[in-house]
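Only one structure is covered here, and it is reproduced in the block below.
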Amino acid sequence: MLAYAGSLHEELVAIRRDLHRHPELLYDTDRTAALVARLLQEWGIDVQTGVGPHFGKGVVGVLRGGLEGDRSILLRADMDALPITELNDIDYKSEIDGVMHACGHDAHTAMLLGAAKTLSAYRDHFAGEIRFVFQPAEEGAMRSPLDGRLLSGGRDMIEAGILNGVDRCYALHVWPELDAGTIGIHPHYAMAASSHFHVTFHGTNGHHSSPHLAADAIQMTAAYIAGVNGMMANGIDPLEQAVLAFGTVRAGTVINAIAEQSVITGTFRAFSKQTVAAITAGLERHAQAVSLSYGGFYNIALREGIAVVNDSDAVEEVVRAGAAVLGEENVLRQPTPSLAGEDFGWYLDQVPGAFILLGCRNESRGFQDGLHRPKFNLDEAILVHGTRLLVQLAAGS
């Protein structure tokens, strides 16, 4: 199986480059999903499209092995890109203005497709069931048309029941901090819970000559920023790792009128569920206090995050699989978790598994820019590495 996966290199590169040319944002992944579904069907894998009760943009392939056994393994890839203008001078550069695969999801999708083709070709050589999950909207969230919650693609698909009966789940993420040909695995916490917040303050507009007749939404925002920063400094256990930062502020329409509305957004990252809950409650509490004190009102929307927590047994399975595929010396145990976030944490909250960092840096070939940057790119030799690792985890562990 591993030799067969190696023979797919050119095909995987072609798939990855096609996806790279045609990036899609959040839940608008129809082209990518159609390509994924078509290939899975060609390879004789049972396919379900339109997965997710809220947005219906996920794809799930199911493959059953020919040997006796009932273990169920889930492998997940994300399909969405980022609103970043690509600056790479390559012949497969993004053809969509202002959108690029700056986080490697094109590679994730290609590698999972490679694993699906390999395992389908050798379905008589393993037992149990393998689920190939292709998820939209890992990079953000949108309001559900059903209940208004801010939902990422992982949460939408989980609510469709994709984890029912699953024994183990795994996902890869390309990682430019590690050299191509290596993998990194954290013993427990891998990434923080990354939560997004959108707060809107509503006041009353008015002329600058009569501020007493207005309720200034910009003043509310300024007070809110100060209050929340104070909460983070003094209201959160200093022994807990947590960080909060504001990303955007939009307010006002003219220079000499008091703003009627202000919108502020940001993210916070922490590891424990208790700290996430404390920050969430504090954001709401400060918004209420500020709006009342200035005579306005507020709305708040949150995309709740969850930490990516690896299961100890699954970590050891990754170590063994990585050693078999890449060599024991190229499996690196990561001592410090990242404050980056990943909604694969929602999978791991319900099913034991592991989130694996796949090295993609090759400085000699110019592949060294970090994730979410306009010149991010990767050494495509890793497409076979990732495919082999997923195959080993699914069928060889």
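Structure summary
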item: Long-range neighbours under 9 Å by Cβ, at least six apart or interchain, first residue without any contact (Cβ under 8 Å) to a residue 60 or more places away in the chain within segment 198-220, second surrounded by 17 or more Cβ atoms within 10 Å (Cβ to Cβ) and assigned to a helix (DSSP H, G or I); result: 205/217
item: Output for segment 220-244, where each listed residue is among the polar types (S, T, N, Q) and open to solvent by 90 Å² or more (accessible area, probe 1.4 Å); result: 234, 241
item: Residue identified as in contact with a Phe, Trp or Tyr (Cβ under 6 Å, 6 or more places away or on another chain) and crowded, with 16+ Cβ neighbours inside 10 Å among 47, 36, 13; result: 36
item: Close pairs (6 angstrom Cβ cut-off, 6 or more residues apart or separate chains): closer than 11 Å to residue 383 by Cα in segment 1-21, not in a helix (DSSP H, G or I) anywhere; result: 13/380
item: Qualifying residue in segment 217-238 (condition: among the small types (Gly, Ala, Ser) and part of a strand (DSSP E or B)); result: no
item: Those residues of segment 246-274 which are more than 21 Å from residue 140 (Cα to Cα) and part of a strand (DSSP E or B), in sequence order; result: 251, 257, 258, 261, 262
item: Members of segment 13-69 that are assigned to a helix (DSSP H, G or I) and β-branched (Val, Ile, Thr); result: 13, 15, 32, 36
item: Flag for residue 73 being assigned to a strand (DSSP E or B) and more than 15 Å from residue 117 (Cβ to Cβ); result: yes
item: Any pair with Cβ under 8 angstrom, 6 or more apart, that starts in segment 252-270 at a residue that is within 26 Å of residue 345 (Cα to Cα) and touching a residue at least 60 places away in the same chain (Cβ under 8 Å) and ends at one that is open to solvent by 60 Å² or more (accessible area, probe 1.4 Å) and in a loop (DSSP other than H, G, I, E, B); result: 270/240; 270/241
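The values are calculated or read from the model by the stated rules, or taken from the named source; none is laboratory data. Because the structure is predicted, anything quoted here is derived from the model rather than measured. Counting neighbours? That spans all protein chains shown, and the Cβs are built from the backbone with ideal geometry, glycine included. When the accessible area is computed, the model is the full protein with side chains, heavy atoms only, and any ligands, DNA or RNA have been set aside. Shrake-Rupley method; radii C 1.70, N 1.55, O 1.52, S 1.80 Å.
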